[in-house]
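The values are calculated or read from the model by the stated rules, or taken from the named source; none is laboratory data. What you are looking at is a predicted structure, and each value in this text was computed from that prediction instead of being measured. Quick reminder, even Gly has a Cβ in these numbers, built from the backbone with ideal geometry, and neighbours come from all protein chains shown. All accessible areas refer to the heavy atoms of the entire protein, side chains included, with ligands and DNA or RNA removed. Shrake-Rupley method; radii C 1.70, N 1.55, O 1.52, S 1.80 Å.
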Amino acid sequence: MSSSVTMKYIAPDEQQAFHVIENRKISPDSNILKLAFSGRKLLGWKPLVPTCISVSFQENEDSVLKKSYSPISHPSQPDTFDLLVKAYEPRPGGGVGDYICSLQPGDVMEGAVKKERVVHGSSEVVGRGWKHVGLVAGGTGIAPHYQILQILLRDEAETQIQILSINRHEQDILLRDEMDTLSKQNPKRLSITYSLTDGSTVESMESGRGSVDMIRRALPDPTLDGVMVFVCGKDGFVEAWGGRVCRAPPPEGKKKGPKIQGPLLGLLKDAGYSEEQVFKY
């Protein structure tokens, strides 16, 4: 006589345990972790919609820290996901990245999947009519872009993608090998530009934090049909490129209102893009 055990369903947005399978260092201060989850097959709700998780860290008896991270794996990957994390030096009210990077296989990380990010009216990436996509990343801002890149390359065959990855030093370029491999595999669809801000001159790389001229060399022409540009990085980086991400008034009983895009400003406005062509993370 056989018996079967029914696994309890765990909704993506429930607080849950993510089990560390692998943790490997990819730069002096950054790691990629592979984590497993149970209670469902997909990390999020849909196989083609980008995901984001909120990680919880018990700093002390009185303080629980939370920080959001975008997985770099395709959202249809079953049972596991991959996370790129930078280990900033611990400080009061911070240190989640350092905590995550210290985890070893067998350890458990607590967190929950956040609500789907709505980009100009929809959380979908596929079927939006984007023919030319630009991905502007400052440092670890490459993480959500890499997930979008994988979705577009696999599931949106006609989209042309241009990545602009801006970092201080060459050793700081995250996911460089992975992106270069994808570029070689998709030479007609994917091009990558790297820029360094430390003043060094490296052949085939740009220099500086960004300019209108750099945009014209590295990103889609805003006059083309079906252009979309995503920007992600630290607050100052996003503000310089597209203007500050704002918050709406808080709902009753809440301390913070929802994030809103705010007006398009900065380099992308100077280069001729419209608000409908830009999304700021």
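Partners of LYS25 within straight-line reach, counting lysines whose Cα lies under 23 Å from its Cα and excluding those fewer than 8 residues away in the same chain: LYS34, LYS66, LYS67, LYS86, LYS234.
From the square roots a ≥ b ≥ c of the eigenvalues of the alpha-carbon gyration tensor of the stretch 27-71, which class results: rounded (a/c under 1.5), prolate (a/b over b/c), or oblate?
Taking the square roots of the gyration eigenvalues as a ≥ b ≥ c, the stretch 27-71 is oblate.
Ignoring aspartates and glutamates fewer than eight residues from LYS259 along the same chain, the ones with Cα atoms less than 17 angstrom from its Cα are GLU116, ASP235, GLU239, GLU275, GLU276.
How big is the gap, in Å, between the Cα center of the stretch 180-238 and the Cα center of the stretch 22-36? Spelled out, the Cα-based centre of one part sits 25 Å from the other. The calculated 222 nm mean residue ellipticity attributable to helices in the chain amounts to -5000 deg cm²/dmol, summing -39500 (n - 2.57) over DSSP H runs of n ≥ 4 and dividing by all residues. Using the 1.4 Å probe convention, the accessible area of the chain works out to 52 Å² per residue with neighbouring protein chains retained.
Between SER38 and ALA157, what length in nm is gained on full extension when 0.36 nm per residue of separation is reduced by their alpha carbon distance? Before the final figure, lay out the partial values.
Details: separation 119, 0.36 × 119 = 42.84 nm, distance 3.16 nm.
Here the answer is 39.7 nm.
For the chain, taking the reciprocal of the average inverse distance between every pair of different Cα atoms yields a Kirkwood hydrodynamic radius of 20.0 Å.
A full extension of the chain between ILE26 and ASP198 corresponds to an added length of 59.9 nm, given 0.36 nm per residue minus the alpha carbon distance.
Site pair LYS255 and ASP225 shows an inter-label distance of 4.9 nm when each label is modelled 7 Å from Cα along Cα→Cβ. In terms of its C-alpha gyration tensor, the stretch 198-264 comes out oblate, because a/c is 1.5 or above while a/b does not outweigh b/c.
Within the accessible area of the chain, what % is carbon and sulfur when the probe is 1.4 Å and the other protein chains stay in place?
Details: 7360 of 14710 Å².
Percent of accessible area from carbon and sulfur atoms in the chain: 50.
For the stretch 236-263, list residues with backbone N below 19 Å from a point placed 7 Å from the Cα of ARG117 toward its Cβ? Hits in the stretch 236-263 for ARG117 at 19 Å: 236-248, 257-263. Label point of GLU110 set 7 angstrom out along Cα-Cβ; within the stretch 23-64, amide nitrogens under 13 Å from it belong to 55-64. With a simple spin-label model that places each label point 7 Å from the Cα along the Cα-to-Cβ direction, the separation between ASP177 and THR80 comes to 1.7 nm.
Antiparallel versus total DSSP beta bridges in the chain: what percent is that, nearest 5?
Values: 33 of 58 bridges.
Of those bridges, close to 55 percent are antiparallel.
Which net charge results for the neighbourhood of VAL118, defined as the other residues with beta-carbon distances under 11 angstrom from its beta-carbon, given Lys and Arg at +1 and Asp and Glu at -1? Taking every Cβ under 11 Å from that of VAL118, the sum is +1.
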